[in-house]
1. If ligands, DNA and RNA are left out, what is the accessible area of HIS110 with a 1.4 Å probe, given in Å² to the nearest 10?
2. Quick one: with all protein chains in place, what share of the accessible area of the chain is carbon or sulfur, to the nearest percent (1.4 Å probe)?
3. Work from the charge dipole of region 217-313 (Cβ charges, +1 for Lys and Arg, -1 for Asp and Glu, about the Cα centre) and give the residue of VAL224, VAL259, VAL281 farthest towards its positive end.
4. What is the magnitude of the charge dipole of the chain about its Cα centre, with +1 placed on the Cβ of each Lys and Arg, -1 on the Cβ of each Asp and Glu, and no other charges, expressed in debye to the nearest 20?
5. With each run of n ≥ 4 DSSP H residues scored as -39500 (n - 2.57), what mean residue ellipticity at 222 nm is computed for the chain after dividing by its residue count and rounding to the nearest 500 deg cm²/dmol?
6. In region 209-260, what percentage of the DSSP-assigned beta bridges are antiparallel, given to the nearest 5?
7. Heavy-atom accessible area per residue, region 82-164, 1.4 Å probe: how many Å²?
8. Keeping all protein chains in the complex and leaving out DNA, RNA and ligands, what accessible area do you get for ILE63 with a 1.4 Å probe, in Å² to the nearest 10?
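The values are calculated or read from the model by the stated rules, or taken from the named source; none is laboratory data. Here the structure is a predicted model, which is why all the values come from computation and not from measurement. FYI the Cβ positions are ideal-geometry reconstructions off the backbone, even for glycines, and counts take in every protein chain you see. The area values use the complete protein model at the heavy-atom level, side chains included, leaving out ligands, DNA and RNA. Shrake-Rupley method; radii C 1.70, N 1.55, O 1.52, S 1.80 Å.
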Amino acid sequence: MTAPRSGGIPIWFPLAVLALLIAWPTLDRVIAAEPPTTLVVADLRADELLLVNPEDGVVSARIPLPGGAHELLTLPDGRVAVSIEQRGLLAVVNLDTAEVTEIAVGGTPHGLALEGSTLLVTDRATNQIRRFALDGWGELPASATGDWPHAIALTADGRLVVAAARDNALRFGDRALPVSALPETVSVAADGAIATAGAVGGQFQLFDAHGDEELRVTLAGRPVRVLFSPDGQLIAVALSAAGAVALVDRSGEVRRVDVAGVPDGLVFDASGHQLYVSDVVGGAISIVDVRTASFLRELQVGSATGAIIRRSP
């Protein structure tokens, strides 16, 4: 039997359109849904790498490490590189199998960055950037850098930026950019902007892609880590002596949020709306709503949580 028609349109058609319009917001949320976040957290005191669900604070895995992890970096194959400074080691961790590969490199390996198929590692014992091939982990020729190189990052066009803590400078290509005393951190945005802060000097600084200073803000509170938001318009700063994070936008506006313990590691969720902050003394993770600059909740996950990254999907 043929369905009755009105003006050539099946009678069921308007009802189907109405049902689709009602369901569309839900469908849109499903299509746009982000994969669930898993945090990869270094526990320095426990010598472990933790996998944490930030929704409920459940630790799904505690992976033993051969020492206290300082910095974490996701490699192209999904494994995580870990610098273990006090033991002169790098560790490479398979998060799925909990397999840990130890690489004895000597010195004091700390900051990590990826340059193609090469892992870059700062070494304060030699004042060098050391290079290791991801294929086989053979060491490649190193390059000299400033005194006490700590953190390292690369711009989108491949230029190195190194926080030289004792030089009170950022090494940017062949330039030394003067910065606030004892810079231990650096972050680079997609547009090439560079952020740093002086742990002793207490100032936050922002440079453009050419290395020209755009912004300088006194924060105090021993700023030890900076991180750009995913859209590059906001920089989070961990104020370790103040029990707070500063949220600095690129116009210079600063909002402060009190968090648990002694803040250290920082990571944003994929949207940039939430910030996760580790506590290097008490082992908590604080969750901050970036849009309202408010503390949401605290997750107790370890004993001395430091570096923190999001697991790649």
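1. Rounded to the nearest 10, that gives 10 Å².
2. 54 percent
3. Selected residue: VAL224.
4. The calculated dipole for the chain is roughly 320 debye.
5. It comes out at -2000 deg cm²/dmol, rounded to the nearest 500.
6. Restricted to region 209-260, the bridges split so that about 100 percent are antiparallel.
7. Values: 3340 Å² over 83 residues.
Per residue, region 82-164 has 40 Å² of solvent-accessible surface.
8. 0 Å²
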